[in-house]
Amino acid sequence: MSEAENIGKIRDILFGNNMSEYEQRFDALEKRLQENLSEITRDFKTKMSSLENYVRDEITSLSEQLKAEKEERTKLLKKQMAEIEQVEEGLNAFKTSTAGNLREIRQQILELNSNLSDQLQMQNKDLKSLIDSESKHLNSNKMERSSLALLLTDLAYKISGEIPETEAPPMKNDEDIHDAPAAQ
């Protein structure tokens with residue numbers, strides 16, 4: 001006999017009819033385990049497929065959202081860059097305009113300053129000539145001190161009726177006194 005048959009006989013002697021029952025139970029258990037494993041595998045595959053589809057859909061959705069947001073931000077950035085360029089152009093135009101206006105204002109101020117300076121010089125010259133002419137006029141009308149002193153002394157002698165012991169110099173007439181140069 002072969003060893004497998006010997007082992008089978010020994011098993012029958014020890015366990016008897018129960019062994020067939022055990023084998024049937026093990027076979028049924030193994031069959032149920034195989035069925036459960038197959039069912040679990042199918043469920044796992046189905047759920048994995050669903051999960052893969054869900055993840056793929058989410059990734060696609062997120063990619064589209066990211067792409068849309070990127071496009072929106074790109075448009076917004078371009079718009080802001082255009083606005084910045086417009087502001088910069090406006091500032092450059094304002095700067096150019098202001099510089100031109102400033103040059104014009106400076107030129108006007110220089111011209112006004114020159115005109116006022118010329119007017120002041122002319123007024124100064126006119127006032128100086130007026131003062132000189134008035135001064136000459138006053139000097140011509142002024143009597144010399146010594147001539148006035150002689151005139152007053154002579155007049156005092158005539159009023160008092162005294163004749164001086166020394167002969168007084170001849171008295172100048174009024175016309176000579178007025179024409180005399182002024183004393184300094």
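Derivation of every value follows stated rules applied to the coordinates shown; laboratory data play no part. It should be emphasised that the depicted structure is a prediction, and the values quoted were computed from it without experimental measurement. Glycine also receives a Cβ, built like all others from the backbone with ideal geometry; neighbour counts cover every protein chain displayed.
Observations on the model:
- For segment 26-164, with +1 on Lys and Arg beta carbons and -1 on Asp and Glu, the positive-most of 80, 155, 129 along the dipole: 155
- In plain terms, the bigger the Kirkwood radius, the slower the diffusion; for segment 11-92, with that radius from Cα pairs, at 4 °C and 1.567 mPa s, Stokes-Einstein puts D at 67 µm²/s.
- Straight-line cross-link partners of residue 47 among the lysines, defined as a Cα under 29 Å from its Cα and at least 8 positions apart when in the same chain: 31.
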